[in-house]
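All remarks here apply to the structure that follows.
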Amino acid sequence: GAVGGLAEPGVPRVADGCPIDMLAAGGRIDRLVVAHHDPERRSWAQELRRRTHLHIDDDDIVSRVIRTGKPVLQVEPQGWICVPLAAGEHTFAALTLAAESGRVLTQADFEIALELASRAAVAVENARLYREAERRADAALALEYIGDGVVLLDREGRVRYWNTAVAAITGVAEPDALGRTVSSVLPAWRALAEYVELADAEQPERARPVTVPFATGAEERWLAMAGVAFDAGTVYAIRDVSEERALERARNDFVATASHELRTPLAAVYGAARTLRRTDLDLLPEQRDTFLEIIEDESDRLTAIVSQILLAGQLDDGRIDVATAECD
């Protein structure tokens, strides 16, 4: 919109048609808009619109202007003025003034085209900066309220961003952290960061979290940390996984306990069965009943332990099978 609106003033005061082309990804050049002083002159207007498949490396006036950043004034055989739209040293578009036969473009027209391009470039750059500011504000708002902690450090290790989640995890408020070196904010940071293998900014998906202990006063927490290094510093993502760690430890303890509990009844059942099968012993009926009773009792004990394991599995999956019965 910022560019398209500036195509109109050049037509018909300076030229008969005014296409604007913008550099896109991969060196492709897209024709954004074509202004023409006489919409009924469809043939020439359509010719201006048709050239929509340019590339930065093409041997074409528009491609050369965007590639080199230098304006072009062509009087013969057909009048063309093509001027770059640039932000700093970067040319991102070209504004072209085209004249039909019988109309001569002058140096004064060339100066007008340069002024139009300058205004268009300023308008586009302002729009881009505004969109970038909005995008960053939205990103900062999102980062402020996510559950994971986010820490941004500059090259010198000073804190540039410290969201609410990090403040909750570490007990250090944002005003007390911003602008200070992270090691002065958290003396334990150096030891924590040593475990983190930083990913490169070009491949942030390679960042792998590592779980490290973190002591806060009398309490010990477990943090999952991952980091990405880029030109301006390093960004860390931090999650408090203390509850998950405690659950995993409880699960491991349960498995170890269950395994130990299973050994005793299994050994009793196995021993009783082996004794009953021995042919070198003449067991009395009372003795055989005793061994069978051992097998039955220990089997019931095994069943109870297996039921507990199955129940733990159901709870872990977020479901549980409930049996209902009447009782007094």
Candidate set: segment 219-270, residues that are among the charged types (D, E, K, R) and in contact with a helix residue (DSSP H, G or I) (Cβ under 7 Å, 6 or more places away or on another chain); chosen: the one surrounded by the most Cβ atoms within 10 Å (Cβ to Cβ): Asp240
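Is at least one residue of segment 100-108 of a type in the set (A, V, I, L, M, F, W, C), in a helix (DSSP H, G or I) and without any contact (Cβ under 8 Å) to a residue 60 or more places away in the chain? Talk me through it step by step, then tell me what you get.
Taking segment 100-108 as the starting set, the residues that turn out to be of a type in the set (A, V, I, L, M, F, W, C) are 104-105, 108.
Okay, now just the ones that are also in a helix (DSSP H, G or I), so 108.
Of the ones still in play, those that are also without any contact (Cβ under 8 Å) to a residue 60 or more places away in the chain are 108.
Yes, segment 100-108 contains at least one residue that is of a type in the set (A, V, I, L, M, F, W, C), in a helix (DSSP H, G or I) and without any contact (Cβ under 8 Å) to a residue 60 or more places away in the chain.
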Qualifying residue in segment 276-283 (condition: of a type in the set (S, T, N, Q), open to solvent by less than 80 Å² (accessible area, probe 1.4 Å) and either free of Cβ contacts under 8 Å to residues at least 60 places away in the same chain or in a helix (DSSP H, G or I) (or both)): no
Failed condition for Ala312, given (1) within 30 Å of Val255 (Cβ to Cβ); (2) loosely packed, with under 12 Cβ neighbours inside 10 Å: (2)
Which listed residue, of Ala121, Ala167, is small (Gly, Ala, Ser), open to solvent by less than 40 Å² (accessible area, probe 1.4 Å) and in contact with a Leu (Cβ under 8 Å, 6 or more places away or on another chain): Ala121
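For Ala323, are the conditions met, namely being within 30 Å of Thr181 (Cβ to Cβ), among the small types (Gly, Ala, Ser) and not in a helix (DSSP H, G or I)?
Values: within 30 Å of Thr181 (Cβ to Cβ): no; among the small types (Gly, Ala, Ser): yes; not in a helix (DSSP H, G or I): yes.
No; evaluated as a whole, the condition is false for this residue.
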Matching residues, segment 290-328, being more than 23 Å from Ser259 (Cα to Cα), acidic (Asp, Glu) and modelled with pLDDT under 90: Asp321
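The values are calculated or read from the model by the stated rules, or taken from the named source; none is laboratory data. Note that the coordinates shown come from a computational prediction; the quantities given were computed from them, not determined experimentally. Reconstructed Cβ throughout: ideal geometry from the backbone, glycine too, with neighbour counts over all protein chains shown. Accessible surface is based on the protein model in full, side chains and every heavy atom, while ligands, DNA and RNA are left aside. Shrake-Rupley method; radii C 1.70, N 1.55, O 1.52, S 1.80 Å.
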